[in-house]
Amino acid sequence: AQRVTQPEKLLSVFKGAPVELKCNYSYSGSPELFWYVQYSRQRLQLLLRHISRESIKGFTADLNKGETSFHLKKPFAQEEDSAMYYCALMENAGNMLTFGGGTRLMVKP
Amino acid sequence: EPEVTQTPSHQVTQMGQEVILRCVPISNHLYFYWYRQILGQKVEFLVSFYNNEISEKSEIFDDQFSVERPDGSNFTLKIRSTKLEDSAMYFCASSASVGALSGNTIYFGEGSWLTVV
């Protein structure tokens, strides 16, 4: 069965500092990985997905199959980046998301 | 931008009572989902629904749970006899297609917070 692990429940950085939110997964096949973000009192929103290889709001994530990781990175954190971040996995042919436990990012001024 | 909407935003119910959570998926979407998040825990998949039937369900989705699309717009989750451990945030979601490689995006509602007392 697939599993997604986010080892940090809370990550606190100062504005302008680099950010890396860790995500590791276990899955026997070739998964699709996502990052969802939840700002205060808002819904879960898709931030980015592995397959599109894009940068959204300055965030990037690279799938490392050797390390089974999909860490989320941003070179310079902004206060508005403060939110809950969830890493999620989907089987290629499926429609079920398996979520990690989430990491709360706090960006201090 | 179209959104998934959920009602109620918060419901308190007594143990043993039936609860219906309602969702209006995005209008041109064909796939519908329920997820839940117990306080302090992971977001967990409950069920997916397509073409008026359940396409996938987790082990959490036992006989106490049911889903229905009673009309062309609503998608409901019913918990027949609530237990204390059913207290959670319930998220409805929808998508236009299935499978990750199709560029499928699952859109979530804001959630319904259920408290069982």
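The values are calculated or read from the model by the stated rules, or taken from the named source; none is laboratory data. Values in this document were obtained by computation on a predicted structure and should not be read as measured data. Note: ideal-geometry Cβ built from the backbone for every residue, glycine included; neighbour counts use all protein chains shown. To get the accessible areas, we keep the full protein, side chains included, count just its heavy atoms, and leave off ligands, DNA and RNA. Shrake-Rupley method; radii C 1.70, N 1.55, O 1.52, S 1.80 Å.
Structure notes:
- Each residue in region A:38-75 was checked for being among the small types (Gly, Ala, Ser) and touching a residue at least 12 places away in the same chain (Cβ under 8 Å), and 4 pass.
- Residue identified as out of contact with any Pro (no Cβ under 6 Å at 6 or more places or on another chain), within 30 Å of A:Gln6 (Cα to Cα) and away from chain A (no Cβ under 13 Å) among B:Leu46, B:Leu39, B:Leu84: B:Leu84
- Identity of the residue in region A:69-93, more than 7 Å from chain B (Cβ to nearest Cβ), over 14 Å from the mean Cα position of the chain (by Cα) and in a loop (DSSP other than H, G, I, E, B), that ends up nearest to B:Ser58 (Cα to Cα): A:Glu91
- For region B:58-81, the candidate set comprises residues that are without any contact (Cβ under 8 Å) to a residue 40 or more places away in the chain and of a type in the set (Phe, Trp, Tyr); within that set, the residue that is farthest from the other protein chains (Cβ to nearest Cβ) is B:Phe65.
A quick yes/no check of all residues on (1) in contact with a His (Cβ under 6 Å, 6 or more places away or on another chain); (2) among the hydrophobic types (A, V, I, L, M, F, W, C); (3) part of a strand (DSSP E or B); (4) open to solvent by less than 70 Å² (accessible area, probe 1.4 Å):
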site: B:Val12; (1), (2), (3), (4): no, yes, yes, no
site: B:Met15; (1), (2), (3), (4): no, yes, no, no
site: B:Tyr33; (1), (2), (3), (4): no, no, yes, yes
site: B:Arg36; (1), (2), (3), (4): no, no, yes, yes
site: B:Leu39; (1), (2), (3), (4): no, yes, no, no
site: B:Ile60; (1), (2), (3), (4): no, yes, no, yes
site: B:Pro70; (1), (2), (3), (4): no, no, no, no
site: B:Thr76; (1), (2), (3), (4): no, no, yes, yes
site: B:Ala93; (1), (2), (3), (4): no, yes, yes, yes
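- Output for region A:1-48, where each listed residue is more than 19 Å from A:Glu80 (Cα to Cα), in a strand (DSSP E or B) and open to solvent by 20 Å² or more (accessible area, probe 1.4 Å): A:Arg3, A:Thr5, A:Asn24, A:Ser26
- In region A:81-102, residue most open to solvent (accessible area, probe 1.4 Å) [restricted to those that are in contact (Cβ under 8 Å) with a residue 24 or more places away in the chain and out of contact with any strand residue (DSSP E or B) (no Cβ under 7 Å at 6 or more places or on another chain)]: A:Glu91
- When region B:20-31 is filtered for residues that are surrounded by 19 or more Cβ atoms within 10 Å (Cβ to Cβ) and modelled with pLDDT of 95 or more, the ones remaining, listed by number, are B:Leu21, B:Cys23, B:Pro25.
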